[in-house]
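First up is the structure itself, then whatever we jot down about it.
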Amino acid sequence: MKKVFLLMAVCAVMLSACSDKKKEGVITYQLSYQLPDSLTSFAAYLPKHAHAYFKGDSVASVQGTDEESTTMITYHPTGYLLCLLKSGMKRFQVQYSLEEQKKELPDMSLYEFTRGRTDLKIAGYAAQQYIMKNKFSGDTTSAWFTHDIEVPPNYLTAMFKPEFGTPLRFSINQNGMVTETSFKEIRYEPVPAGIFVAPPGYKKMTPSELNEMPVGN
């Protein structure tokens, strides 16, 4: 009997360790765009990849390079959203209230979701199709979700209902610019230290001040 209890205790410790490991890591996405003619000249400057670092309920979504990047730090239990902008020597941090976040995120009330008939594998995970139909234009596109992995929503995926599962591939149209986001891989590993806070040297701004800043500043 003692051996049985010892075995159960060892199994519990192993399962706990595995569970903890699954709560920390990084997701890599590939980004592509369909741009209106007025924006095609900016195509070369748009990020082609994004990384979402997660630990518990904290997530930092990073797009760009070491020289030019946008980082969105979220903590969903409190609705916290902090934007870090880096361009050359310039550094800004902008915190958004819940009301201000509604203006920045895509308005998903414009879409009607219907379970599709197609399933496929994306990066090795079983994905279920949902048809996104724009209620006003009638345009449709497919979005793909999986229940094989569970990770906290990041800024790229926060607009979707969690019951659909983890988004793996989807397209969003904002003001005529279509961004397609595709899940590439997930790695369960320690995230970089300090990834969920603003580094020193980032000037605080309000969302209004950021919107009023002239392009090129």
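Numerical summary
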| item | result |
| --- | --- |
| Of all residues making up the range 115-129, the number that are more than 10 Å from L168 (Cβ to Cβ), in contact with an Asp or Glu (Cβ under 8 Å, 6 or more places away or on another chain) and open to solvent by 50 Å² or more (accessible area, probe 1.4 Å) | 0 |
| Criterion violated by T70 - all others in (1) part of a strand (DSSP E or B); (2) modelled with pLDDT under 90 satisfied | (2) |
| Listing of strands (runs of 3 or more DSSP E) fully contained in the range 138-217 that carry 2 or more residues being modelled with pLDDT of 95 or more and either open to solvent by less than 90 Å² (accessible area, probe 1.4 Å) or hydroxyl-bearing (S, T, Y) (or both) | 140-146, 166-174, 177-187 |
| Qualifying positions in the range 56-73 - surrounded by fewer than 16 Cβ atoms within 10 Å (Cβ to Cβ) and farther than 20 Å from F92 by Cβ | G56, D57 |
| F92 open to solvent by less than 40 Å² (accessible area, probe 1.4 Å) and either modelled with pLDDT of 95 or more or not small (G, A, S) (or both) | yes |
| The range 31-48: number of residues that are touching a residue at least 40 places away in the same chain (Cβ under 8 Å) and open to solvent by 80 Å² or more (accessible area, probe 1.4 Å) | 1 |
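The values are calculated or read from the model by the stated rules, or taken from the named source; none is laboratory data. Note that the structure is predicted; figures quoted are calculated from it, not measured. As a convention, Cβ positions derive from the backbone with ideal geometry for all residues, glycine included, and neighbour counts pool all protein chains shown. Heads up: the accessible areas ignore ligands, DNA and RNA and are worked out on the full protein's heavy atoms, side chains in. Shrake-Rupley method; radii C 1.70, N 1.55, O 1.52, S 1.80 Å.
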